[in-house]
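Report on the following structure.
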Amino acid sequence: MRPSQRTVQTVHGPARVSIYRPQGQLVGTILLGHGAGGGTDAADIQALLPLIDDGWTLALIDQPWRLAGKKIATTPPTLDAATREVAASLAKGRGALSRPWIIGGRSAGARVACRLATELDVAGVLNLAFPLHPPGKPEKCRAPELLLPVNAAIPTLVVQGLKDPFGSPAEVQAVHESVRVVSVPGNHSPSRDLPAVLDAARSFVQALT
């Protein structure tokens, strides 16, 4: 399964998009971003690739800081700006990716997805390991970010590790009753039960269509 790749020049440097296309009828597109310490080769992101068998195009976005060889992510505004420019590129011209769009990602990428969901007019938000708060610091809660798509009535899924120090499934569920939370084994790292991650995502996106 080899993707086509696009390089998108952003204000913060080049970003790379790996695009996996279905063979048959197109249902829509899922844009996925990565976390603050890794790329789109993360196991739980890669676990979603079988969704192309259901007609979804998957566009995996590697941020400019990754391509520049940095080890730690740049600030949230830079992540948003780069993702915004990538999305604009993917939405125009003969190579535009089919709608509806779902946006998502893991950890920092999930935060970006929530912040941009209303702006990009997506049908849903697919969060892997949403970092609700820094470990041991529940007072620094990022619930307002998670609530951005929820308050706009955009269906929102969070697939969360049972022992995630950045927020347990119960903590995430307490943010709002309409957030769909699926718990999986593990912590903030990719789940040990990747089929469960795929099943949760598949059920979520199928319900949107």
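The values are calculated or read from the model by the stated rules, or taken from the named source; none is laboratory data. Bear in mind the structure is a predicted one, so any value in this text is a computation, not a measurement. Quick reminder, even Gly has a Cβ in these numbers, built from the backbone with ideal geometry, and neighbours come from all protein chains shown.
A few comments on the model shown:
- Failed criterion for Ser189 (all others in (1) surrounded by fewer than 16 Cβ atoms within 10 Å (Cβ to Cβ); (2) of a type outside the set (Asp, Glu); (3) closer than 18 Å to Ala36 by Cβ hold): (1)
- Subset of the range 38-54 that is free of Cβ contacts under 8 Å to residues at least 60 places away in the same chain and either among the hydroxyl-bearing types (Ser, Thr, Tyr) or assigned to a loop (DSSP other than H, G, I, E, B) (or both) - its residue that is farthest from Ala123 (Cα to Cα): Gly38
- Single residue of Thr74, Thr83 found to be in a loop (DSSP other than H, G, I, E, B), buried (at least 16 other Cβ atoms within 10 Å of the Cβ), of a type outside the set (A, V, I, L, M, F, W, C) and in contact (Cβ under 8 Å) with a residue 12 or more places away in the chain: Thr74
- Of the residues making up the range 7-17, none is surrounded by 15 or more Cβ atoms within 10 Å (Cβ to Cβ), within 18 Å of Ser98 (Cα to Cα) and of a type in the set (D, E, K, R).
- Residue count for the range 1-24 satisfying the condition of being at pLDDT 95 or above, more than 19 Å from the chain's Cα centre (by Cα) and among the charged types (D, E, K, R): 0.
- Gly167 meets each of the listed conditions (1) modelled with pLDDT of 95 or more; (2) at negative phi apart from (2).
- Considering Ala108, Ala117, the condition of being more than 19 Å from Ser18 (Cα to Cα), among the hydrophobic types (A, V, I, L, M, F, W, C) and in contact with a helix residue (DSSP H, G or I) (Cβ under 9 Å, 6 or more places away or on another chain) is satisfied by Ala117 alone.
- Being farther than 22 Å from Ser107 by Cβ, buried (at least 16 other Cβ atoms within 10 Å of the Cβ) and either modelled with pLDDT of 95 or more or not aromatic (Phe, Trp, Tyr) (or both) is true of Val27.
- Residue within the range 90-99 that is hydroxyl-bearing (Ser, Thr, Tyr), surrounded by fewer than 17 Cβ atoms within 10 Å (Cβ to Cβ) and closer than 17 Å to Pro3 by Cβ present: yes
- Residue tally, condition charged (D, E, K, R) and under 20 Å from Pro149 (Cβ atoms), over the range 174-201: 2
- Just so you know, in the range 174-186 the residues that are more than 18 Å from the chain's Cα centre (by Cα) and crowded, with 16+ Cβ neighbours inside 10 Å include one that is farthest from Val125 (Cα to Cα), and it is Gly186.
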